[in-house]
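The values are calculated or read from the model by the stated rules, or taken from the named source; none is laboratory data. Everything numeric here is computed off the predicted structure, so don't read it as measured data. All Cβ positions, glycine included, derive from the backbone under ideal geometry; neighbour counts span all protein chains shown.
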Amino acid sequence: MGFLDIDNTTKSYGSTEVLHKVDISVEEGEFLVLVGPSGCGKSTLLNMIAGLEEITSGEIRIKDEVMNGVHPSKRNIAMVFQSYALYPNMTVGKNITFGLEMHGTPKDERDKAMNDVAKLLQIEQLLDRKPGALSGGQRQRVAMGRALVRDPDVFLFDEPLSNLDAKLRVDMRTEIKKLHHKLGTTIVYVTHDQIEAMTLSTRIAVMNGGYVQQLGTPQEIYDTPANIFVATFMGSPAMNVVPAKVSVENGVPMARVALHDGSLTSLPFSQANMAEWDGKEILLGIRPETITDEDAADRKSGNIAHMTNRIVVTEPAGSDTFVTMTMGGRDVIARMRSDANVSPGIDFMFAVNMEKAVAFDPETEVRIAP
Amino acid sequence: MSVASQDTAIRTGRAVRVLIYLVLVLFSLFYLLPLYVMVVNSVKPLDEITGGGMMNLPQVFTIEPWLKAWSSAQIGVEPTGLSPYFWNSIKMVVPAVAISTVLGALNGYVLTKWRFKYDTILFGLMLFACFIPFQIVLIPMARMLGLMGLAGTTSGLVLVHVVYGIGFTTLYFRNYYAVFPTELIRAAQIDGAGFFQIFWRILLPSSGPIAVVSVIWQFTNIWNDFLFGASFAGADSQPMTVALNNLVQASHGVKEYNVHFAGAILAALPTLLVYIVAGRYFVRGLMAGSVKG
């Protein structure tokens, strides 16, 4: 049993099921991120944990106590909303202590808790102001203060950074991560931003269409995505997925992939079990950073394949240069060093780290290797 | 007044501007004429009015008609002046406005933040109250008041006005709360606030503009109502409007026009006062929510 258990939970509106048998167990102190495109059910799931939406079937437990039908205020959770949801008529101080007041905490304890939290978040000088007089970042801090002051079992964050500008978002991201390290509380965090998911989480649940597509650590999700959806959703630029045919040459399974002119190149798999797919079509997934020039190829890799392909477009991005080519009739992006000697229209020899390559079944789109 | 202010959408030439102001001034004079007639004649002795020259300024200034209208004019059979009826009206208007506004706010809160099945249909039905002519309900309402033992009382009038007002106040508050962020309600729920605590602590303090609209609307309508007052009030609960009618319609003695004018102004003063005090919030409240700030 975990600290927070989501056990076979479904959600239906009328006859439409929007969340299908979700099964997640969160340990104490974990930072779970629910990530997915809009409409995937991640916010609905969070609201069900909060008690703001009813659970159609299944169970949600916090500390082994069943939460179905328990009022939000009795679950010992705190939530930070996307719009911050600060009470506009109350000062910052009142906003922070309102929950304590509603729970009948005496005034002197409330004030002490408020001052502690204000100090932690460095918002002491804002306590007498109204939310309307605060900047976006300050409101964000107050919203977190309001959640922190309750000392809840579980923190719920509903896309808390999406209203901030790009720079502040990165700052607050770091801030939230620091806070989690410092306090060690259990957090469930909803976002549609895969970078937020990767940087913040200890575990990620990638959701789509009401299903949890994959649940795992950021590294697992990134290196061994369960299916094409996860592979292409997580990572920027997205993983390249190209059609290939498996053929076994000298006992080694190879992915035969068409290059820009239709000629085939052979990329050897690191996984011997791919031999079972001999003669069959698969989808080959290659992360952009595993296609490089010879010099930048990963020296620790035991399986670097080479191929010469024509460069279609180069996009310098400062630290990296993104190179687009055609493989298997699709655009494939390689992430090269900025000083790589590339230009559009030339034929260039690429080094592909096949140790990191992933293969998918083209029918089910499920990963078959590694 | 800044002539070339930047938020003027249309730029106009000088001649056009003069024309516009000329027309505006003419219309306002025309509009203010009845008020002028009432004010000047209410401070004249009666013989100056009966001698003709209704538009003239008073030769002898007197506040006697005002005092008489307030405290000693013959209303019906008693020479009480309008003052007891003024207090009748206050005793009717204040609770009626307060109750209908609070109930409207509560309805708006439930209809937007505690949605239930068929709530829009219910709201549509409530809106009917805004369109039913008063005359239709006179007889059934009289019967109901009789059954409830409220016939001829101030409480009965309060009830009638509250029932009639709820349609409007619900409409105002529902539309105002429809754009009030639901996340705030959810945050308060998680904080442990109950149904009424959310209403009193979160929603009502943010409802200033629309509450002003509701109060002005209800105050004006209820204060100015004559039909319900004439139909349902008893002798000691008649509102100002009914008393004014009795003063003016008196069928015996000399018609004291100066007293009538003074009485009419007295009857209109409270609504005027409400507009002057809260009027600038009225338009603001009506516009609230339509434009994002």
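Strands (runs of 3 or more DSSP E) fully within the stretch A:198-293 that include at least 2 residues being touching a Pro at 6+ places or on another chain (Cβ under 6 Å) and under 21 Å from residue A:332 (Cα atoms): A:281-286. A count restricted to the stretch B:90-138 and to residues that are surrounded by 14 or more Cβ atoms within 10 Å (Cβ to Cβ) and charged (D, E, K, R) stands at 3. If you go through the stretch B:187-207 and keep only what is more than 7 Å from every other protein chain (Cβ to nearest Cβ) and either touching a residue at least 12 places away in the same chain (Cβ under 8 Å) or of a type in the set (Lys, Arg) (or both), you end up with B:188, B:195, B:198, B:199, B:201, B:203, B:204, B:207. For residue A:47, state whether it is farther than 24 Å from residue A:182 by Cβ and within 14 Å of chain B (Cβ to nearest Cβ). Criteria met by residue A:47.
What do you reckon, is residue A:217 closer than 18 Å to residue A:361 by Cβ and of a type outside the set (A, V, I, L, M)? The answer is no for residue A:217.
Taking first residues from the stretch B:6-35 that are surrounded by 10 or more Cβ atoms within 10 Å (Cβ to Cβ) and partners that are at pLDDT below 90 and in a loop (DSSP other than H, G, I, E, B), the Cβ contacts under 8 Å between residues at least 6 apart in sequence or on separate chains come to B:17/B:3; B:20/B:12. The set of residues in the stretch A:61-77 that are crowded, with 19+ Cβ neighbours inside 10 Å and either at pLDDT 90 or above or not in a strand (DSSP E or B) (or both) comprises A:67, A:72, A:73, A:75. Only one of the numbered conditions (1) of a type in the set (Gly, Ala, Ser); (2) surrounded by fewer than 20 Cβ atoms within 10 Å (Cβ to Cβ); (3) within 29 Å of residue A:214 (Cβ to Cβ) is violated by residue A:50, and that is (2).
Can you name the residue in the stretch A:99-108 that is under 25 Å from residue B:184 (Cβ atoms) and surrounded by fewer than 18 Cβ atoms within 10 Å (Cβ to Cβ) and is also farthest from the other protein chains (Cβ to nearest Cβ) among such residues? Checked the stretch A:99-108; the qualifying residue farthest from the other protein chains (Cβ to nearest Cβ) is A:107. Given the conditions (1) touching a Pro at 6+ places or on another chain (Cβ under 8 Å); (2) part of a helix (DSSP H, G or I); (3) modelled with pLDDT of 85 or more, report the number of the one that residue A:132 does not fulfil. All conditions are met except number (3). Residues in the stretch A:80-98 that are more than 7 Å from chain B (Cβ to nearest Cβ) and either assigned to a helix (DSSP H, G or I) or more than 24 Å from residue A:172 (Cβ to Cβ) (or both): A:92, A:93, A:94, A:95, A:96, A:97. Reported count of residues in the stretch A:319-364, each being surrounded by 16 or more Cβ atoms within 10 Å (Cβ to Cβ) and among the small types (Gly, Ala, Ser), is 6.
Quick grid of which residues meet (1) modelled with pLDDT of 85 or more; (2) touching a helix residue (DSSP H, G or I) at 6+ places or on another chain (Cβ under 6 Å); (3) surrounded by 17 or more Cβ atoms within 10 Å (Cβ to Cβ):
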| position | (1), (2), (3) |
| --- | --- |
| B:251 | no, no, no |
| B:254 | no, no, no |
| B:262 | yes, yes, yes |
| B:269 | yes, no, no |
| B:273 | yes, no, no |
| B:284 | no, yes, no |
| B:288 | no, yes, yes |
| B:291 | no, no, no |
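Does residue B:129 fit the bill of being within 14 Å of chain A (Cβ to nearest Cβ), of a type in the set (A, V, I, L, M), without any contact (Cβ under 8 Å) to a residue 40 or more places away in the chain and in a helix (DSSP H, G or I)? When the stated conditions are applied, residue B:129 does not pass them. Does residue B:92 satisfy being in contact (Cβ under 8 Å) with a residue 60 or more places away in the chain, in contact with a helix residue (DSSP H, G or I) (Cβ under 6 Å, 6 or more places away or on another chain), part of a helix (DSSP H, G or I) and not hydroxyl-bearing (Ser, Thr, Tyr)? Against the criterion (in contact (Cβ under 8 Å) with a residue 60 or more places away in the chain, in contact with a helix residue (DSSP H, G or I) (Cβ under 6 Å, 6 or more places away or on another chain), part of a helix (DSSP H, G or I) and not hydroxyl-bearing (Ser, Thr, Tyr)), residue B:92 qualifies.
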